[in-house]
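Shown next, in structure tokens, is the structure this report addresses.
The values are calculated or read from the model by the stated rules, or taken from the named source; none is laboratory data. Every value quoted in this text rests on a predicted model; they were computed, and no experiment measured them. As a convention, Cβ positions derive from the backbone with ideal geometry for all residues, glycine included, and neighbour counts pool all protein chains shown. The accessibility values were calculated without ligands, DNA or RNA, using every heavy atom of the protein model including side chains. Shrake-Rupley method; radii C 1.70, N 1.55, O 1.52, S 1.80 Å.
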Amino acid sequence: MERPVALSESLQARADRKWEEYKTAAEAENLSPPADPDIADILKRVFVFSDFVAKNGTRHPALLNDLIQSGDLDRAYESDAYPRRLAVVLKGVEEETDLSNRLRRFRRREMTRIACRDLAGKSDLTEVTGDLSALADACIDGALTRLHGWQCAQYGVPTGRSGQALELVVLGMGKLGARELNFSSDVDLIFAYPESGETKDGPRTVANDAFFLRLARRLARVLGANTPEGFVFRVDMNLRPFGQSGPMVMNFDAMESYYLEQGREWERYAWIKARAVAGDQAAGRRLLAALNPFIYRRYLDFGVFESLREMKQKIALEVRRKGMKEDIKLGPGGIREVEFFGQIFQLIRGGVEPALQERRILKVLDILVRENYIPGSVRDELFAGYRFLRTVEHRLQEYGDLQTHKLPQTDPERKVLAESMGCKDWSVFSERLRRHMDRAGRTGCAMN
């Protein structure tokens, strides 16, 4: 790995100060800070680029020492690492408060690791988004498994018409569904269950609807409540049928009826990335297969142009109204622009070109080149812009573990962002950013 560009004098002084704070905290707990100067240099850089990591190191020095001594900062995780590791953490958990606290401590450790590896240049964008998504999957499924078991002991097992046991299905939407989650993202979830019925073999009997509604509420609380230990993932359920006014959980028949009879174009757009992330994932895949004719029309659907154009115009108006021109997600040429470009092709042609029924935007762009819908040069420009913007997004969010897409306005914050992106100053960074966003914006305009 190439040695990173040296920090500017002001940021180096800040890095040294944060490092001394961590060393003092570690020594107060009889822990030895890493003696290897290379490790110290890497962590100093990470501390100055991420207040989130620096504070975790000072408040929980044992956490950082464990990450160093275990070697987890230096290795990429295997595909099944998060559920395996979480199973150990949750072993013996017996009640909801303990579950909540253990999940938050697990999240703190793993998010610190992900940020450190990213900011130290040890991982690329694919690894970062993949790790964040796998962490969310593991936390959602691990929490649901325990809550489901406790609730079955209280109310019995929910069953279907033929007496088979049923489980909740958790569908991840948006970037979670596509395994493209960003560092401080909400998780967009939709809850469903296979059939109506009632519970059996418990101290009391309740309808499946009541059982799964209670379970969904408990899961959302365990994941999203902001406790003294923080949160696991903020949960957004606004993409469900009827939005905020709709039921939190629906059975498959009701959900299919809604989308096939009342589903709107923007909901088709939302469902492109949907994936079963927890609970009965086989049942979730069956539900997605049943909804496929709603998402992807079995003909060339040019009529979607107008509805997506309206959606894009509404976003643009909101951006102007709120002064969000420098929002790297929603602003002109931002992340959403690249996603719109690929997903228009998916909605128009996905029903007759199954290859386009792909969740990940970079894979979609590759397919569009392979199928001769766009030239390779357009794909390459969008690739470069998307990767750059997503990296900026992570740098912004890794600093304070805050959900932000807005560029900083003060000189100290700008210096941190610019140097975290490998640029010597803000003018160099802003020129690179402008170039990428201008190219993405021109491509998006060509689709209007």
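The set of residues from segment 49-62 being surrounded by fewer than 17 Cβ atoms within 10 Å (Cβ to Cβ) and in contact with a helix residue (DSSP H, G or I) (Cβ under 6 Å, 6 or more places away or on another chain) comprises just one member, Asp51.
Looking only at residues of segment 343-360 that are more than 12 Å from Glu371 (Cβ to Cβ) and free of Cβ contacts under 8 Å to residues at least 60 places away in the same chain, we find that the one that is surrounded by the most Cβ atoms within 10 Å (Cβ to Cβ) is Ile348. Within segment 258-285, being modelled with pLDDT of 95 or more, loosely packed, with under 15 Cβ neighbours inside 10 Å and among the charged types (D, E, K, R) holds for one residue alone: Arg285. Screening Leu308 with (1) within 30 Å of Phe52 (Cα to Cα); (2) at pLDDT below 90; (3) among the aliphatic types (A, V, I, L, M) gives one miss only, at (1).
Among the candidates Arg268, Arg240, the residue that is of a type in the set (Lys, Arg) and either outside any loop (DSSP other than H, G, I, E, B) or touching a helix residue (DSSP H, G or I) at 6+ places or on another chain (Cβ under 7 Å) (or both) is uniquely Arg268. There is at least one residue in segment 266-280 that is of a type in the set (A, V, I, L, M, F, W, C) and farther than 27 Å from Gly142 by Cα. Within the bounds of segment 374-388, is there any residue that is open to solvent by 30 Å² or more (accessible area, probe 1.4 Å), under 17 Å from Lys329 (Cβ atoms) and in contact (Cβ under 8 Å) with a residue 60 or more places away in the chain? So far as segment 374-388 goes, yes, one or more of its residues are open to solvent by 30 Å² or more (accessible area, probe 1.4 Å), under 17 Å from Lys329 (Cβ atoms) and in contact (Cβ under 8 Å) with a residue 60 or more places away in the chain. Residues considered: Ala165, Ala153, Ala178. Of these, the only one that is farther than 30 Å from Lys55 by Cβ, touching a strand residue (DSSP E or B) at 6+ places or on another chain (Cβ under 7 Å) and not basic (Lys, Arg) is Ala165.
Within segment 361-372, the set of residues being open to solvent by 20 Å² or more (accessible area, probe 1.4 Å) and closer than 19 Å to Glu180 by Cβ comprises Leu362, Lys363, Asp366.
All told, Ala81 falls short of being at pLDDT 95 or above and more than 31 Å from the chain's Cα centre (by Cα).
Candidates in segment 159-180 are the residues that are out of contact with any Phe, Trp or Tyr (no Cβ under 9 Å at 6 or more places or on another chain) and in a loop (DSSP other than H, G, I, E, B); of these, the one that is surrounded by the most Cβ atoms within 10 Å (Cβ to Cβ) is Glu180. Could you tell me which residue of segment 128-143 is farthest from Glu96 (Cα to Cα), considering only residues that are open to solvent by less than 10 Å² (accessible area, probe 1.4 Å) and not small (Gly, Ala, Ser)? Only one residue fits best here, namely Val128. Screening Pro332, Pro408 for residues that are assigned to a loop (DSSP other than H, G, I, E, B) and either open to solvent by less than 10 Å² (accessible area, probe 1.4 Å) or without any contact (Cβ under 8 Å) to a residue 24 or more places away in the chain (or both) leaves exactly one candidate, Pro408. Step by step: first the residues of segment 5-41, then only those that are among the β-branched types (Val, Ile, Thr) and farther than 13 Å from Pro61 by Cβ, then the one that is most open to solvent (accessible area, probe 1.4 Å). Which residue is that? For segment 5-41, the residue satisfying everything is Val5.
Against the list (1) within 22 Å of Ser184 (Cα to Cα); (2) more than 21 Å from the chain's Cα centre (by Cα); (3) surrounded by 17 or more Cβ atoms within 10 Å (Cβ to Cβ), the condition Ser100 fails is (2). Just one of the numbered conditions (1) within 18 Å of Gly284 (Cα to Cα); (2) out of contact with any Leu (no Cβ under 9 Å at 6 or more places or on another chain); (3) open to solvent by 20 Å² or more (accessible area, probe 1.4 Å) is not true of Arg217; which one? That leaves (1) as the condition not met. Count of segment 286-313 residues, restricted to those that are β-branched (Val, Ile, Thr) and surrounded by fewer than 15 Cβ atoms within 10 Å (Cβ to Cβ), is 0. Going through (1) under 23 Å from the mean Cα position of the chain (by Cα); (2) under 25 Å from Arg275 (Cα atoms); (3) open to solvent by 70 Å² or more (accessible area, probe 1.4 Å) one by one, Phe340 falls short only on (3).
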